[in-house]
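Here's the structure we're looking at; comments come further down.
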Amino acid sequence: MNGKAKVHGAISVVNAIATGKGSALGISLETNAEVALHSDDLIQVIINDDLSEDSTLAKECFKIVRNKTSQTSGAKIVINSNIPIGKGLKSSSAAANAIILASLNAFDMKLPDLDVLNLSVEASKKSNVTITGAFDDAAASLLGGLVVTDNTNNELLSRNVIDNDLSILIHVPEQKNYTKNIVISDSHKFKSYVDSVFNIALDGNYLDAMTLNGMLYSEILKQSNDAAIFALKNHALAAGLSGTGPSVAAICRPGSESQILESWKSLGGNVISAKINNDKGM
């Protein structure tokens, strides 16, 4: 049998590294996965038509679902995504969610959303692609909207639908930052500040939280915050580092995009335009 699934990417509102509590916002970039079962136990993975990409996460996702059945099937897993890998835009969480959903569909199984998220986090931890378990990223990717989470306990504290008329611009530098390679030895020094930003997000003020989070984590992770500063000077409602970088996301009203884009020209790299996503994966 074959199973298919589609989920979306996300941007950080509050990074959970320092405190174990986070917040993320779903965006319209998407990841599609297809799982085709076959009789032998071989698991083949093709990511964006590139066989050189690391397939550990994809295989773990499939095996976690297969272990819930009595079957020994192998699979061909094909992943297509317009979420850049290693850029802080939740590509790993999206891939995990999509493969788990597609695998469940292939085995003709259904699970509640929270169970899907727990499997996604488990696979991500086993594959060493996350520091905190990335429950916040996984929840925003699967459920859409603005999520606030306790990653330590895999708990969804709130989920809210956000005005999707707003525009999102993402400055994407050339380098990749893989979460598993990030050094966070100084993050504890900023814990009280990040806690305050988290409470701002929990109160619903995600725009201020996102901007303040970006300022803090740019310092914690020694990442440039120039793209955020330029965007804020040009009418962005919020701007900040996403994940562990290097991407910086800006949220603005329609009509402000051109000024922000002009301010980013001197920075090099690429720019992605997106919208807020409030839809669940399927």
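Annotations for the structure displayed:
The rows are residues; the columns are (1) free of Cβ contacts under 8 Å to residues at least 40 places away in the same chain; (2) buried (at least 24 other Cβ atoms within 10 Å of the Cβ); (3) outside the structural domain of Pro246 (by TED's automatic domain parsing); (4) assigned to a strand (DSSP E or B).
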{"residue": "Asp137", "(1), (2), (3), (4)": "no, yes, yes, no"}
{"residue": "Ser141", "(1), (2), (3), (4)": "no, yes, yes, no"}
{"residue": "Thr149", "(1), (2), (3), (4)": "no, yes, yes, yes"}
{"residue": "His171", "(1), (2), (3), (4)": "no, yes, no, yes"}
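- One residue from Leu212, Leu202, Leu267 being under 22 Å from Asn164 (Cβ atoms) and modelled with pLDDT of 95 or more: Leu202
- Val197 vs. criteria under 17 Å from the mean Cα position of the chain (by Cα), crowded, with 21+ Cβ neighbours inside 10 Å, outside the structural domain of Lys6 (by TED's automatic domain parsing) and modelled with pLDDT of 95 or more: no
- Of the helices (runs of 4 or more DSSP H) lying entirely inside segment 182-246, those containing at least 1 residues that are over 26 Å from Ser158 (Cβ atoms) and not small (Gly, Ala, Ser) are 206-220, 226-233.
- With respect to (1) surrounded by 20 or more Cβ atoms within 10 Å (Cβ to Cβ); (2) over 20 Å from Thr244 (Cα atoms); (3) in contact with a strand residue (DSSP E or B) (Cβ under 9 Å, 6 or more places away or on another chain), the lone exception for Ile83 is condition (2).
- Options Lys68, Lys110, Lys90: the member that is under 15 Å from Ala138 (Cβ atoms) and of a type in the set (D, E, K, R): Lys90
- Residue match in segment 62-83 (condition: assigned to a loop (DSSP other than H, G, I, E, B) and either in the same structural domain as Gln175 (by TED's automatic domain parsing) or closer than 30 Å to Gln175 by Cβ (or both)): yes
- Residue satisfying condition, being of a type in the set (Val, Ile, Thr) and at pLDDT 95 or above, within set Ile64, Ile85: Ile64
- Exclusive hit being under 26 Å from Glu30 (Cα atoms), surrounded by fewer than 22 Cβ atoms within 10 Å (Cβ to Cβ) and of a type in the set (Lys, Arg), set Lys275, Lys191, Lys233: Lys275
- Meets criteria (touching a residue at least 24 places away in the same chain (Cβ under 8 Å), outside the structural domain of Leu221 (by TED's automatic domain parsing) and closer than 25 Å to Asn277 by Cβ) for Ser91: yes
- Pairs with Cβ under 6 Å, 6+ apart, first in segment 15-41 and crowded, with 24+ Cβ neighbours inside 10 Å, second in a strand (DSSP E or B) and of a type in the set (S, T, N, Q): Gly22/Thr149; Ala24/Ser12; Thr31/Ser81
- Those residues of segment 42-58 which are without any contact (Cβ under 8 Å) to a residue 60 or more places away in the chain and under 19 Å from the mean Cα position of the chain (by Cα), in sequence order: Ile47, Asn48, Glu53, Asp54, Ser55, Ala58
- Condition met for Ser70 (surrounded by fewer than 19 Cβ atoms within 10 Å (Cβ to Cβ) and of a type outside the set (Asp, Glu)): yes
- Filtered residue count, segment 247-272, keeping only those that are surrounded by 16 or more Cβ atoms within 10 Å (Cβ to Cβ), out of contact with any strand residue (DSSP E or B) (no Cβ under 7 Å at 6 or more places or on another chain) and not in a helix (DSSP H, G or I): 1
- Subset of segment 219-248 [of a type in the set (Ser, Thr, Tyr) and either within 18 Å of the chain's Cα centre (by Cα) or more than 24 Å from Gln175 (Cα to Cα) (or both)]: Ser242, Thr244, Ser247
The values are calculated or read from the model by the stated rules, or taken from the named source; none is laboratory data. Being a predicted model, the structure only gives us computed values, none of them experimental. For neighbour counting, all protein chains shown are included, and Cβ atoms are generated from backbone atoms with ideal geometry for every residue, glycine included.
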